[in-house]
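The values are calculated or read from the model by the stated rules, or taken from the named source; none is laboratory data. The structure displayed is predicted, hence computed values, not measured ones. Here the Cβ positions follow ideal geometry from the backbone for every residue, glycine too, while neighbour counts run over all protein chains shown. Heavy atoms of the whole protein, side chains included, go into the accessibility calculation; ligands, DNA and RNA do not. Shrake-Rupley method; radii C 1.70, N 1.55, O 1.52, S 1.80 Å.
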Amino acid sequence: MIVCGDDGLAHRLAAELRGVYAEQVTLVVPPSGRRVRRPVVGRARAASAALLDRVVNAAVNRTGTSGEPASNEQVVEASEITEAVLNEVGADRAAALALVYDDDETNIRAALTARRLNPHLRLVLRLYNRRLGQHIEELLDQTAAVASGDGRGAGVDASTTVLSDADTAAPALAATALVGTSKVVQTEGLVLRAVERQPPRPGEVADPGLCTLALLSATSNDPAGADGSEGSGEHGPHLLPDETAVAAATGRGTVVLEQVSYSGPSLPAGRGGVPPFASLFSRRLRWSLAGLVACVLALAVGLMIVTGEHPLYATYVTLLDLFGINDPAFHESTARQVLQLLSGLVGLLLLPVLLAAVLEALGTFRSASALRKPPRGLGGHVVLLGLGKIGTRVLTRLRELHIPVVCVESDPDARGLATARRLRVPVVLGDVTQEGVLEAAKIHRAHALLALTSADTTNLEASLYARSVRPDLRVVLRLYDDDFATAVYRTLRAAHPFALTRSRSVSHLAAPAFAGAMMGRQILGAIPVERRVLLFAEVEVAGHPQLEGRTVGEAFRAGAWRVLALNTSPPGRRRNEGDSGEEDGAPASGLVWDLPPTYVLGAGDRVVLAATRRGLAELLGRRRRERAGA
């Protein structure tokens, strides 16, 4: 296995392949002086840079997650991935190559070279551009098929998988805005969440959801505690338990899977660049217009009473008086003359109101393409800090769930500002570490804070300040260093015991998906359970004796894998990342849930299963050994 990258994802991916799948890994990184540092901003610049250097240096020398030394890892320094470098690391005979540089162009160029050197190489690319990634995936797969000789690639164990760390981590980050969960996976147009449920009280029956994914730690539900680690023993979390274990686990919380949709307050999505009619005018102007309309109606009613004319005729005469184009009522009754004078006075008041309405409408259309400000009275929203790659994807996910969002960004040229403008999401430009910026985002009335900037200390500073404004605020931090995240967890929990705090590392969430793709499986998502990870994968039953010909009940292995659904969609159909899953008003999902335990899995079936990392490695390892023996 070859992993090429220039940031923390490459090191985490290499550790995942070593520790979980026991693979021989060659890690290709830039020379020490040319490694790309994560950008830092504001007053956190020096502290974050020092923190990053310490983490990267430790990552190269760290041991695998299984406790074995990293002796099965070879580190090669190369300024760029050329044909000579690929030959040196053995790409012509490798099983898989992962290109996880932060630059899309670098990954594409290296992938084209690698496919030419080894048409049978399994490729995993990290690309941020969704549409380009789909075309590159099809192109490289077609190249492998042509090189196989039959134009279809039958029997060739080569594929191309394009993933984005931003898209892989975005569902888990965005789901923190939903009450009661911070774990979400999307598959076939469905949004599924893993919900932590407290132990039921005596006489109560807990809702099992679609299935029970895990039992939480016996002594603590704190993901920063020792019970959530891989080596916590019987007191730690129990992934994919059987019914007997669930029934016997009294007093322990559970993690269940359920299909959800957001039902809280939402902001109007808007219609392209045209603002809704109500936003054309301010509240004060709308009340002024309403008052003038009421005056006109009152004058029309008064004229109808005085003259006895038809209501339509009375309204017509009132409008003529209003605009000053009617004859003076010299020889009319006193009441008629008074009504005419009042109509003329209302007409004088109408002119400035109409002028203000025109000016406000023009200003609204002019600013329709500009950034919006948080509206007055906004509450229950999510404050999103940072509109980089991760923040942009999270913003898109939140708006797909119709969750109101207010963004805060310090860079006026950030890539996510165009997305925020298109989605008509309010944005506050300013450094979150400066006083008054979070207040402008109405943090005191917010439901949650997502701190997703690239600097750990900036995220922490913003979170601490937000907690000082509102102690019960739900806070989610993007933190790179696990030790730093643990310290933050414990400190914030001690200071605010009744508030919810969560931390997520993008590379930690994305690495299992990239590793599973390198092993030849389509990883649909990864859900953290305390400090462990549960994977969701789509697997073809054919070639797996643990699944083929067995019933759903027989295929279940506690603590390793569990069949969740049958995928009946056409195997050749590709879905763009971020698709809503609906076409012509009908759901496009091809998943069949609630499979009976007696359903027999055939060779032509494709199933969605939940698996631990070691359980998925066992499935892959047996098939790989059988293929090698053949």
Please determine whether any residue of the range 305-318 is assigned to a loop (DSSP other than H, G, I, E, B) and surrounded by fewer than 12 Cβ atoms within 10 Å (Cβ to Cβ).
yes
Could you please find all residues in the range 401-430 being crowded, with 18+ Cβ neighbours inside 10 Å, in contact (Cβ under 8 Å) with a residue 40 or more places away in the chain and charged (D, E, K, R)?
R424
Out of the range 547-570, which residues are modelled with pLDDT of 90 or more and of a type in the set (S, T, N, Q)?
T551
Filter the range 373-396 down to the residues that are of a type in the set (D, E, K, R) and either more than 22 Å from the chain's Cα centre (by Cα) or open to solvent by less than 20 Å² (accessible area, probe 1.4 Å) (or both) and list them by number.
K373, R376
Identify all residues within the range 81-105 that are under 14 Å from L127 (Cα atoms), open to solvent by 70 Å² or more (accessible area, probe 1.4 Å) and either of a type outside the set (D, E, K, R) or at pLDDT below 90 (or both); write none if there are none.
D103
Hits in the range 106-125 (condition: open to solvent by less than 20 Å² (accessible area, probe 1.4 Å) and of a type in the set (D, E, K, R))
R115, R122
What are the residue pairs meeting all of these: first residue in the range 337-356, first residue free of Cβ contacts under 8 Å to residues at least 40 places away in the same chain and of a type outside the set (S, T, Y), second residue open to solvent by 90 Å² or more (accessible area, probe 1.4 Å) and outside any helix (DSSP H, G or I), Cβ atoms under 9 Å, and 6 or more apart or on different chains?
Q337/F330; Q340/E332; G347/F323
Flag for T433 being surrounded by 18 or more Cβ atoms within 10 Å (Cβ to Cβ), modelled with pLDDT under 85 and over 19 Å from the mean Cα position of the chain (by Cα)
yes
So, first residue among the hydroxyl-bearing types (S, T, Y) in the range 433-444, second residue in a helix (DSSP H, G or I) and open to solvent by 40 Å² or more (accessible area, probe 1.4 Å), Cβ within less than 9 Å, six or more apart or across chains; the pairs are T433/R43; T433/E461; T433/Y465
Restricting to the range 462-483, name every residue that is out of contact with any helix residue (DSSP H, G or I) (no Cβ under 6 Å at 6 or more places or on another chain) and either more than 30 Å from G5 (Cβ to Cβ) or at pLDDT below 80 (or both).
L464, Y465, R467, S468, P471, D472, R474, D482, D483
I'm checking my understanding of the structure. Among residues of the range 323-343 that are closer than 20 Å to L289 by Cβ and at pLDDT 85 or above, which one is surrounded by the most Cβ atoms within 10 Å (Cβ to Cβ)?
S343
So A335 clears everything in (1) in a loop (DSSP other than H, G, I, E, B); (2) more than 30 Å from A356 (Cα to Cα) except one condition, right? Which one?
(1)
